[in-house]
Amino acid sequence: MFQGVRVTASSSGHELFVLGDSDGYVHLVNRTFEIRSFSAYERGISLLHQSKDSPILVSIGEDEIGVNPVIKVWNLDKNDKHGDPVCLRITRATIPNKAVIASCLAVSDNLSLMAVGFVDGSIIIYRGDISRERSSKQKHLKDDLPSITGLAFQTSGKVIMLYVATVSSVEVYDVTHKDKEKKIHLDGKGCALRCSILAESLPNNDFMVARRDAVYCYTNFVLGPCYAISGEKIQLEWFRSYLVIVAKDMEPAPRISTRVNFFSDLNRDSHIITILDIQNKFIVFTALVKDVSAVLIEWGAIYVLSTDNSLCLIAKSQQYDAQGLMEIFRQFGDHLYIKGDHKGAMEQYIKTIGSLEPSYVIRKYKDSQQVENLTTYLQALHKDGVATGDHTTLLINCYTKLNKPELLKEFVMTKDREVDFNVEVAIEVCRHVSAEDALLLAEKHCLHSWYLTIQIEDQKKYNAALDYIGKLDFEQAEFMIKKYGITLLENVPEETTSFLKKLCTDYEPNNKNSDGSSYSGQQKANPEDFIHYFLNNSERLVEFLEHLIQISSKWSPHIYTTLLEHYIHVWGKQTDHHARLQYEQKIMRLLESPDASYDKLQALILCKAANFKSGILHLYEQNKMYQAILKYHVAQQDYSSLLVCCRRFGHQEPGLWVQALWAVAPQQNLPHDLLDEILSVIEKEKLLSPLSVVDALSYSPNVKVGNVKNYLNKIFQTELKLTEQQKALIEKYTQQTKKSRNTIEGIRNKCSACNKQLELPSVNLFCQHSYHQHCFQTFSENECPMCLPNNKQILDAIQSQEQSKDLHEVFHSQLDRADDAFSLVTAYLGRRVFTELTDYSKVAMGKFFLIVIMDSS
Amino acid sequence: MSYAYLFKYIIIGDTGVGKSCLLLQFTDKRFQPVHDLTIGVEFGARMITIDNKLIKLQIWDTAGQEAFRSITRSYYRGAAGALLVYDITRRETFNHLTTWLEDARQHSNSNMVIMLIGNKSDLESRREVKKEEGDAFAREHGLIFMETSARTAANVEEAFINTAKEIYEKIQEGVFDINNEANGIKIGPQHSPSNASLPPGSQSSSPSSGCC
């Protein structure tokens, strides 16, 4: 780059590198490495500070011979007529009466404070906007300090601190308030020039000071942690969360993680650049670099300027800087790989995880000899959580190829770490490779479905599978048994059945001991879901269902119906008489059980299909299908049962007897007493007219008249008796009618007063008395003379009651005196104390209301 | 949380005796079987309660390797307590105690409470240093003695808290000048009016680590 130029000062910021040389020139380097130079001083430049975000550059240099440092402030965005940046301010940086060399310069981020340190230990603080000459006030801090080697402003809130490093001490000044600067002594050891830096992005903004043995941090005005990196330090730089240390190459730094020899010629002037990740306490990068003149940080990268003025990119980090590092690792890895150091290359590749496509590496290591390295890489991939399912597959395959089941097991069981792979994929692969591991894996991650699939489909270990299901909690167990029940039942019917029994009654996971009992009541599987599993295994089903019914009786009709069906099925198949009888009893017990809520019609169909006699009859009876029972008996020609049936149910359904008659009549070889009994009942209960009886019997091929003679005789006799009785009754009623008619005639036509034939005009009263009008008028005005005395009596009684009803005092006194107050009150109620008088007098009067029927003429 | 006192501790002893593990067990209540070598000095903090007073322990964990001895020395100053650790399964770590003790006495203030700790008491089968020997050494040099295990956490709490109690007693007796921070004792923010001039926030936000 700048041939023949001796760089004496450097700074960076505002997207620029700023270099000052011994001839007083400032060189600005932009991102595309275009250089722009201008003359700032007549002689040399000693210090430069480029503001981070603004185009303000502060420089200290000399314009004349002698020690007369001058501060100049430049605005790099504004040009004067020569095309050079405008100089905003020129201040002499001198201590009164002394000529000393300025050793360091610090400018606060907001450009309101500037400090210059001198070799004699004095510090001058400039307050106010540094780009304006006028507003700035300077303050000379006169503490007897050794030569100043480093200055840094730290702003936290309103507080501004100035860290000062000297040759033999570290101090901090509180410079928040003007003229109230306060010094705190931090340490009695100092550092060399450029070997102190403020770590800006750390939470506490540590002030870092590099000494020969280590880098010390000062935090909150006390000595903080330190990082032991030995070597004679030349420069410290801070970059994001990385500390860049330039030291002379003396001996290898401790704990070197990556040592990259960029330059193979190790001459004596080389330096070590160490990049330390402070947050992770990790040396990210160490390299030997020839002749470092300065380390510059800009554009998200770290550049090294060497003494021959060539610029070299060291590392980019974070964001795209991290990518840069990865690229370095990858290239180094490639290099080692080509050289044949596969293991070393893999170490590098592992560091690239996260940015480099894993397939790039995997492809390189796919040879069978490289399985071990590949395994290492895949493990690292998993550890970083970037592995895909394919990677897991590959890794497990690698383990098997390496024939190291114990490694596989360890990986699969993920001891001491998070699960960092796709479990399902792992199981899938393990399933083909080592079923045992797959099982362990599935069990560990509660992938019950996988576990059982392997156990049942691959291993055929049905009992183990069943045991496993038994350990699950209810929902899962139910789900699993639904999934695998059929297979299990086919292979281990006995165990499966007993498990199902448990599941449907009071399921409790095997591995739980105590608390299961409290909620077992709610957890019952619906047995209907399992019935179809027993498709070809009636006996097991019967066993299962019987168990259910024994435990509890509250099952759905379907359960009972199914049980019945299979009872009958088994019964039908039994040949041994004794066993048949036993089953018959079982069926009947089921049918007769009051709890069994089977579907009766379906049960009937089942019994009929199997021709299970007692069942059919029981069901007919249950369903009140007495006629069906009858028909059944007739069809069976079981006449005695027929009679029994008629007798039993005749009173509930009298029609039965008639049915019986009709059913029996056409039959051959009827027992006599049967017909007799039917007929006698029919006769007694008068269920059927004799004609119909005869009609019914006429169908019979062998019933003779003699057989029914008794019946007919009895019928006729009753009929005769009946006729006679009725005749007598007719006679009686005719006479009564006649009598009544005469009486009516008599009443109708006589006046009640004169007892003579009534003539118009007449008065007819409701009391059924009739009078001649003139007769009525002679006796009374508007009341029936015959009823008058009676009425008067009633009216008097009402009146007397009404009077006494109003006498409240009387009532109360009576109430006080009465032995039985209640009956007194009732008596008063009886006198209608609480109803309005008028209504009832009207009613009373209505009784005697008069209707005078006048002749129309 | 504001504390009544802040005590600074330093943990010293040969490399590999379990200093960092003791600290991790005390601050994070966990054990890391493989711990990187401590490079330089790290620290952790935890609040404890003694006599109903909140006390913040700031514990400096130093590198035990001989090469870092000079770094460690600069941390003795300003420590109120020191945990001098040896490994009961390695006799040489016990033999080096005298050197450590000399170093500590020389660079720290004379009142510093030193507790001798025989670590790795869980590895009884590999024991090389008897408990009685540790006891005798402690008596001879006026130290408090305890055997701990950072793996099982046995006695770890007690070691730190007993040291704190000892310091607290010394404060009560007036042995420590609590206003001199070089003694490793600081009075909490609300207890000390003299600290008002310090920038707010800079005190309470002590370097974050451990549980506090």
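The values are calculated or read from the model by the stated rules, or taken from the named source; none is laboratory data. Model, not experiment: these values are computed from the prediction. Here the Cβ is made from the backbone with ideal geometry for all residues, glycine too, and neighbour counts use every protein chain on show. The accessibility values were calculated without ligands, DNA or RNA, using every heavy atom of the protein model including side chains. Shrake-Rupley method; radii C 1.70, N 1.55, O 1.52, S 1.80 Å.
Between A:Ser156 and B:Ser70, with labels modelled 7 Å along Cα→Cβ, what's the label distance in nm to one decimal, could you check?
3.0 nm
If you plug each phi of region B:148-154 into the Karplus form 6.51 cos²θ - 1.76 cosθ + 1.60 with θ = phi - 60°, what whole-Hz ³J(HN,Hα) values come out, in order, with x for Gly and Pro?
Working through the residues one at a time gives 10, 9, 6, 6, 8, 6, 5 Hz.
Arranged from highest to lowest average of other beta-carbon atoms within 10 Å per residue, in what order do the peptides A:731-740, A:49-58 appear? Each step should come with its number before you reach the end.
Numbers: A:731-740: 9.5, A:49-58: 20.1.
Ranking the peptides A:731-740, A:49-58 by packing returns A:49-58, A:731-740.
Can you give me the % of accessible surface on region B:55-175 that is carbon or sulfur? Probe 1.4 Å, all protein chains present, nothing else counted.
Roughly 44 percent, rounded to a whole number.
If A:Cys787, A:Cys104 are ordered by their accessible area, calculated over protein heavy atoms with a 1.4 Å probe, which sequence runs from highest to lowest?
The ranking, largest first, comes out as A:Cys787, A:Cys104.
With every protein chain present, what is the per residue accessible area of region B:36-100 (1.4 Å probe, Å²)?
33 Å²
What's the local net charge at A:Lys137, with K and R +1, D and E -1, over the other residues with C-beta under 9 Å away?
Here the count lands on +3.
If packing is taken as the mean number of other Cβ atoms within 10 Å per residue, what is the order of A:39-47, B:168-176, B:105-113, highest first?
Listed from highest to lowest mean packing, they are A:39-47, B:105-113, B:168-176.
Sorted by average packing, counted as other Cβ atoms within 10 angstrom per residue and highest first, what order do B:34-41, B:68-75 take?
B:68-75, B:34-41
Under a 5 Å amide H to amide H cut-off, with H placed in plane at 1.01 Å, what residues pair with B:Ile114 once short-range neighbours are removed?
Under 5 Å from the amide H of B:Ile114 lie the amide H atoms of B:Ala82, B:Ile144, each far enough along the sequence or on another chain.
Taking a ≥ b ≥ c as the square roots of the eigenvalues of the Cα gyration tensor of region B:27-139, is the shape rounded (a/c under 1.5), prolate (a/b larger than b/c) or oblate?
Verdict is rounded for region B:27-139.
If you take each beta carbon of peptide A:150-158 and count the beta carbons of other chains within 10 angstrom, what is the mean?
Mean partner-chain Cβ count within 10 Å for A:150-158: 1.
From other protein chains only, count the Cβ atoms within 10 Å of every residue's Cβ in B:53-66, then give the mean.
Shielding by partners across B:53-66 averages 1.
With Cβ to Cβ distances under 14 Å as the rule, what net charge do the other residues near A:Glu42 carry (K, R +1; D, E -1)?
Its environment carries a net charge of -3.
What distance in nm separates the simple spin-label points at B:Asp177 and A:Arg647, each placed 7 Å from Cα in the Cβ direction?
Output for this residue pair reads 12.6 nm.
Show me, for region B:49-61, the HN-Hα J-couplings you get by feeding each phi into the Karplus relation (A = 6.51, B = -1.76, C = 1.60, θ = phi - 60°), rounded to Hz, glycine and proline as x.
In residue order, the calculated couplings are 10, 10, 6, 6, 10, 6, 10, 9, 9, 10, 10, 9, 9 Hz.
Between B:Arg91 and B:Lys29, what FRET efficiency follows from the Cβ-Cβ distance if R0 is 25 Å, with the result rounded to 0.05?
Values: r = 30 Å, r/R0 = 1.20.
Efficiency for this residue pair is about 0.25.
What is the mean number of Cβ atoms from other protein chains located within 10 Å of the Cβ atom of each residue in peptide B:69-77, rounded to a whole number?
4
Each label point is 7 Å from the Cα along the Cα-to-Cβ direction; what then is the distance between the points at B:Ala153 and A:Lys401, in nm?
Between B:Ala153 and A:Lys401, the simple spin-label model gives 4.5 nm.
Give the long-range amide H neighbours of B:Ala154: residues separated by 5 or more places, or on another chain, with amide H under 5 Å away, using H modelled in the peptide plane at 1.01 Å from N.
When sequence neighbours closer than 5 places are left aside, the close amide H contacts are B:Ser149.
So for A:Asp695, A:Asp390, A:Asp143, what's the accessible-area order with a 1.4 Å probe, most first?
Working: A:Asp695 75, A:Asp390 115, A:Asp143 55 Å².
In descending accessible area the options line up as A:Asp390, A:Asp695, A:Asp143.
For the B and A pair, go ahead and give the buried accessible area with a 1.4 Å probe, both sides summed, in Å² to 100.
1700 Å²
Take the Cβ-Cβ distance between A:Ser698 and A:Gln735 as r, set R0 to 35 Å, and report the resulting FRET efficiency rounded to the nearest 0.05.
0.20
Can you figure out the FRET efficiency of A:Leu722 with A:Asn755, using R₀ = 45 Å and their beta-carbon distance, to the nearest 0.05?
Efficiency, from the Cβ-Cβ distance: 0.40.
Output the antiparallel fraction of DSSP beta bridges having both residues in chain B, as a percent to the nearest 5. List each step's numbers first, then the result.
Details: 13 of 36 bridges.
The antiparallel fraction comes to roughly 35 percent.
Tell me which residues come under 5 Å, amide H to amide H, from B:Thr38 once H is placed; ignore anything under 5 positions away on its chain.
B:Gly64
Provide the per-residue ³J(HN,Hα) series for region B:109-123, in order, calculated from phi with Karplus coefficients 6.51, -1.76, 1.60 and θ = phi - 60°, each as a whole number of Hz, with x at glycine and proline positions.
For region B:109-123, the Karplus-derived couplings read 6, 5, 8, 3, 7, 10, 10, 8, 10, x, 8, 6, 5, 6, 8 Hz, x marking Gly and Pro.
Could you work out how much longer the chain between A:Asp109 and A:Thr32 gets when fully extended? Use 0.36 nm per residue separation minus the Cα distance between them, nm to one decimal.
Gain on stretching A:Asp109 to A:Thr32: 25.1 nm.
Got the relative contact order for region A:138-253 handy, in percent, Cα pairs under 8 Å and 6 or more residues apart?
17 percent
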